[in-house]
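Have a look at the structure below, then the notes.
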Amino acid sequence: MKLPKLLFLLLVGLTIFVGYSCQPGSGSGTAANELKIDYEKYTLDNGLDVILHKDDSDPIVAVAILFHVGSNREKPGRTGFAHFFEHMLFQNSENVGKGNFFKIIEDNGGDFNGGTWQDGTIYFEVIPKDALEKILWMESDRMGFMINTVTDPVLQNEKQVVKNEKRQRVDNQPYGHTNYVIDKALYPEGHPYNWQVIGSLEDLEAATIEDVKEFYEKWYGPNNATMVIAGDIDFEEVKGMVDKYFAEIPAKEEVELIEAQPAVVAETTKLMHEDNFAQLPELSMIWPTVEDGHPDAYALSYLAELLYDGKRAPFYKEVVEKQKLAPSTSAYNSSMEIAGDFTLRIRANADVDLDTVLAAVQTSFANFETNGIDDKDMERIKNAQEKDFYSGISSLLFKSFQMVQYNEFRGSPDKLEDEIKAILAVTKDDVMRVYNAYIKDKPHIMTSFVPKGKPELAVEGSAIANVVEEPIVVGAEAPPLPEN
């Protein structure tokens, strides 16, 4: 499973492991020169999966805890809760105390953060190894003992924090509503990817203490999480710490796996939005594809890079070099837990009519079909895919991210070995097959985001997208409430 993009913004640093002798309790051995990351995995009685990985190249430790709860576990009308809890779990817990999570880690010279996406929520720290026990104590406290610190004043104040984040990152950003428009069109009402991770202002405002506690009790149990501890550690010593701090946390109700729900687009839908902040017209085209782990996901990733990456790519040659409609193009396949999509995006030059861009895209596809895939380009993309994979395990923290996600979403960190094999096994025939199966002449979603006052730049026949924009009213928000 490829990491969500937000996780790749972190620092890169340490070691890649290739070829080794297995530790007891880790996966089966492989031949020399094949990828193998040494680890030991075990499960506490309460269901918490624990993965230990030793890397003593530096006296530091990375801790990553992934709760298998993202926005896809929310209910319509109660969206944004997973992201809301990402905030709340940093604020307070019964024994650590308000604000101390930040202070203790910073005082120990550590780094920390968290992230929420459609499929999960992750928290992580990188700290000197002598601070590990304190970190595990704090992590166990917020896993098992934070909900009683959420009072109504805390809830109301945190609502304002999240609402302001939405205003800054979505409402007042150029093209900030793009994903909202796409997801509403691509996924039907009730589909877990129909709404945004940050949720809607209406749902946040309507959330009650009872709603919050219900969500926490269902999803934030040790039996719905994986913890990776990686770095300069002694396994037996760390096992004692884990048992001391986490074994007492009770398991919560059993969580059912969520089934794949691929999007189905019956006919091409064209939508447009006059963006208050955009200066340039932008065309996006989105086709439904496959979920994470599906064999076709690998070839779709190759297809995206072959279409746009490099001066020999058909989109670059036609849109950028020949017609000079845009400075660049982009394409990518995103395969998530239960569905996937293939996106082509072109932010055109000022005042370029997006109908012209669309015609150039169609010409690019025709050229791709006529010219096929050059062996040199295929080899270049394969090398880039391999490099990207190893970059994803190039640091202690990144290895922790990969192990925690492959365990939670694929069942074992060993699935990393299968991932690189699947990446390197893609052929030109695979790429052309998925192009014909998912892209060529297939219904899709098309969005035109144009500067305010320039609707004529949108693709002809586009309907106006239903974008909810909050009215700006000075003094509308109540002042913060006292929390104690």
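The values are calculated or read from the model by the stated rules, or taken from the named source; none is laboratory data. From a predicted model like this one, the values you see are computed outputs, not experimental measurements. We place every Cβ from the backbone using ideal geometry, glycine too, and count neighbours over all the protein chains shown. What goes into the accessible areas is simple: the full protein's heavy atoms, side chains included, and nothing from ligands, DNA or RNA. Shrake-Rupley method; radii C 1.70, N 1.55, O 1.52, S 1.80 Å.
Please work out whether segment 282-407 counts as rounded, prolate or oblate from its C-alpha gyration tensor, where a ≥ b ≥ c are the square roots of the eigenvalues and a/c under 1.5 means rounded, while otherwise a/b larger than b/c means prolate and anything else oblate? Please list the in-between numbers first.
Details: a/c = 2.01, a/b = 1.77, b/c = 1.14.
Prolate, because a/c is 1.5 or more and a/b exceeds b/c.
So which lysines can LYS239 reach, going by Cα to Cα under 18 Å and dropping same-chain residues fewer than 8 places off?
Within the straight-line cut-off, LYS239 pairs with LYS41, LYS54, LYS129, LYS134.
Can you give me the relative contact order of segment 54-178 as a percent, contacts being Cα pairs under 8 Å and 6 or more apart?
On the way: 146 pairs, mean separation 37.4, N = 125.
Computed value for segment 54-178: 30 percent relative contact order.
At what distance in nm do the modelled label points of ASN383 and GLU205 sit from each other, each positioned 7 Å from its Cα along Cα→Cβ?
Here the answer is 5.6 nm between the modelled labels.
Would you work out the charge dipole size for the chain about its Cα centre, treating the Cβ of every Lys and Arg as +1 and the Cβ of every Asp and Glu as -1, and quote it to the nearest 20 debye?
On the way: 46 positive and 80 negative charges, 252 e Å.
With only Lys, Arg, Asp and Glu charged at Cβ, the dipole is about 1220 debye.
Expressed in nm to one decimal, what extension gain is obtained for the pair GLN323 and THR43 from 0.36 nm per residue of sequence separation less their Cα-Cα distance? Mind showing how you got there, number by number?
Details: separation 280, 0.36 × 280 = 100.80 nm, distance 5.82 nm.
Additional length available on full extension: 95.0 nm.
For the chain, with all protein chains present and a 1.4 Å probe, just round the carbon and sulfur fraction of the accessible area to a whole percent. Working shown, then result.
Numbers: 10610 of 20970 Å².
C and S atoms contribute 51 percent here.
Excluding ligands and nucleic acids, what accessible area in Å² is computed for TYR438 using a 1.4 Å probe, to the nearest 10?
We get 40 Å² for TYR438.
Would you kindly state how much longer the chain becomes between SER57 and HIS87 on full extension, computed as 0.36 nm times their sequence separation minus their alpha carbon distance, in nm to one decimal?
Values: separation 30, 0.36 × 30 = 10.80 nm, distance 3.27 nm.
Gain on stretching SER57 to HIS87: 7.5 nm.
Beta carbons within 10 angstrom, averaged per residue: use that to sort the peptides 405-411, 374-380, 299-305, highest first. Please report the intermediate quantities before stating the final value.
Details: 405-411: 19.9, 374-380: 12.9, 299-305: 24.7.
Highest to lowest by the protection proxy: 299-305, 405-411, 374-380.
Between GLU256 and GLU94, what FRET efficiency follows from the Cβ-Cβ distance if R0 is 22 Å, with the result rounded to 0.05? Intermediate results must be reported in sequence, preceding the final value.
Working: r = 29 Å, r/R0 = 1.33.
Efficiency computed from Cβ-Cβ geometry: 0.15.
Could I have the simple spin-label model distance between GLU133 and THR370, label points 7 Å from Cα toward Cβ, reported in nm to one decimal?
Distance between the two pseudo-spin positions: 7.2 nm.
Need the full-extension length gain, ASP351 to GLN279, defined as separation in residues times 0.36 nm minus the C-alpha distance. One decimal, nm. Kindly include the intermediate steps, with their values, before the conclusion.
Working: separation 72, 0.36 × 72 = 25.92 nm, distance 0.90 nm.
The ASP351-GLN279 span can extend by a further 25.0 nm.
For a test of the definition: using alpha carbon positions, the gyration tensor, and the 1.5 limit on a/c, classify the chain as rounded, prolate or oblate.
Details: a/c = 2.12, a/b = 1.26, b/c = 1.69.
Judged from the Cα gyration tensor, the chain comes out oblate (a/c at least 1.5, b/c at or above a/b).
If I ignore ligands, DNA and RNA and count only protein heavy atoms, how much of ARG312 is accessible to a 1.4 Å probe, in Å² to the nearest 10?
Taking all protein chains as shown, ARG312 has close to 130 Å².
Between LYS218 and LYS442, take the C-beta separation as r, use R0 = 51 Å, and let me know the FRET efficiency to the nearest 0.05. All intermediate terms of the calculation are to be shown ahead of the outcome.
On the way: r = 37 Å, r/R0 = 0.73.
That gives a FRET efficiency of 0.85.
For every helix of n ≥ 4 consecutive DSSP H residues, a contribution of -39,500 (n - 2.57) applies; sum these over the chain, divide by its total residues, and give [θ] at 222 nm rounded to the nearest 500 deg cm²/dmol.
The helix-only estimate for the chain comes to -10500 deg cm²/dmol at 222 nm.
D for segment 226-297, whole µm²/s, Stokes-Einstein with Kirkwood Rh over alpha-carbon pairs at 25 °C and 0.890 mPa s: what number?
Values: Rh = 19.0 Å.
Value of D from the Cα-based Kirkwood radius: 129 µm²/s.
What nm distance separates the two modelled labels at GLN160 and LYS428, each placed 7 Å from Cα along Cα→Cβ?
A separation of 6.2 nm, rounded to one decimal place.
Count charges around ALA359 for me, please; just the other residues with Cβ under 13 Å from its Cβ, Lys/Arg as +1, Asp/Glu as -1. Don't jump to the answer; show the numbers that get you there.
Numbers: positive: LYS322; negative: GLU318, ASP353, ASP355, GLU460.
The answer is -3.
Shape verdict for segment 254-335, please, from the Cα gyration tensor: rounded (a/c under 1.5), prolate (a/b greater than b/c) or oblate. Write down the numbers at each step before the final one.
Numbers: a/c = 2.60, a/b = 1.50, b/c = 1.73.
Note, shape of segment 254-335 comes out oblate.
Might you tell me the accessible area per residue for segment 77-227, computed with a 1.4 Å probe and given in Å²? Each step should come with its number before you reach the end.
Working: 5450 Å² over 151 residues.
Averaged over the residues of segment 77-227, the accessible area is 36 Å².
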